[in-house]
């Protein structure tokens, strides 16, 4: 890694710390701290952690400036500040105007506003030598006001979308049967969009995201798919708004695949998986290719899992062994857990309990993933595996532990309550008649 090139006598311990983290298969702060203190008992770990963090952050930023449009844009803005401070006004104005055009082209209206205000500020400092007529100044002020209107519209649209997402998370309308909770937001959003600038990419993006999430929240997955399809089209026609790599576009395609999975329209999946593969040809970065491969795997096994074709899922695992399974630890946490759930679920349904448990064991015993929402699904799947293994003592103690954590955070989902009730009973000792009665009562929930 680039960090190795920064090694000197003064920072050797920071690199030792990095190597410890890099070599540990499932690192957590307790194990790293213990290893470091054993090796360097007289060294202050917190100071080395802080320096290493800042060093890695610096290297990552420098690498991104070379390939990411947004990083490059803000780096250009910082250069304008340096030129202005050195009073190199001709160079400053030339770079500022070039950066303004790039900000407008890529839809970074907040940075554009800053640049517009900087330009007028320098005009004022220089006694308006660059402005010959008052109309020129008025034109610049009108451009700022127009940009402010765009920023305000985007902010209003963002507010409605974020409020919807908040209400979805807090109310879970599909489970509670109260889709009307979001109708006021739907009306407000439709009213707002009707009076907005239709040519603004960010406004159109937020509108389609709002619509897709609303329809998902009420269980109308086909309408959600239509909104996601429109969003995909919007992205494909506006490549100037893509990042490098285009992570937001990938999230859109992933959203389409998730809607297709929930509506069981599996035959349409190949189109969007092909679009993901096309992106790896344009952006051939190792980490990006691996993330795309993980998404492809998750949605490749989905039709077979729903169709109870569990043996075929094992064949898919074999196909992805070298390109994905052997590299799982290189994935970001969300995808790492997503693929791990798939693998463990496949082993579970193929009655391979040893591999199913082994797949999740390092995740369950590691505190790194506790704050991720998907980790709750990992815990539940782990309990089901132990139920199949008839490990009742483990199930009881784990349920108590999870309930204690949920009580502290005031979080417990309906599915958790049902599974806890199901597994928390003395199910294994029940007669067949009692089991049928319990199953019926749970289905009524």
Do the sum for the chain: with -39,500 (n - 2.57) for every DSSP H run of n ≥ 4, divided by all residues, what is the mean residue ellipticity at 222 nm, to the nearest 500 deg cm²/dmol?
-24500 deg cm²/dmol
With r defined as the distance between the Cβ atoms of residue 405 and residue 94 and R0 fixed at 60 Å, what FRET efficiency is calculated, to the nearest 0.05?
0.55
Please list 61-71, 222-232 highest first by mean number of surrounding beta-carbon atoms within 10 Å per residue.
222-232, 61-71
Degrees between helix 134-171 axis and first principal axis of the chain (Cα, 0 to 90, nearest 10):
10
Taking Cα pairs under 8 Å and at least six residues apart, what relative contact order does the chain come out at, in percent?
8
In nm, to one decimal, how far is the modelled label at residue 23 from the one at residue 155, with both set 7 Å along Cα→Cβ?
5.2
On Cα atoms only, tilt of 69-85 relative to the major axis of the chain in degrees:
40
For the chain, take the longest principal axis of its alpha carbons; what is the angle in degrees between that and the long axis of helix 392-409, to the nearest 10 within 0 to 90?
30
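State, as an integer percentage, the relative contact order of region 1-158 based on alpha-carbon contacts under 8 Å between residues 6 or more apart.
Dividing the mean separation by the residue count of region 1-158 yields 13 percent.
Can you give the extra length, in nm with one decimal, that the chain gains between residue 12 and residue 415 once fully stretched, where that is 0.36 nm per residue apart less the Cα-Cα distance? Present the calculation step by step, with values, prior to reporting the outcome.
On the way: separation 403, 0.36 × 403 = 145.08 nm, distance 4.92 nm.
Length gained, residue 12 through residue 415: 140.2 nm.
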In whole µm²/s, the translational diffusion coefficient that Stokes-Einstein assigns to region 133-290, given a Kirkwood hydrodynamic radius over C-alpha pairs, 25 °C and 0.890 mPa s, equals 140
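Computed FRET efficiency, Cβ-Cβ of residue 326 and residue 121, R0 56 Å: what is it to the nearest 0.05? Let's see the in-between values first.
Working: r = 56 Å, r/R0 = 0.99.
Result of the calculation: an efficiency of 0.50.
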Quick one: if you stick a label point 7 Å off each Cα along the C-beta vector at residue 56 and residue 183, how many nm between them?
5.0
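Values in this text are rule-based calculations from the coordinates and carry no lab data. Because the structure is predicted, anything quoted here is derived from the model rather than measured. Note that each Cβ is placed from the backbone with ideal geometry, even for glycine, and that neighbours are counted across all protein chains shown.
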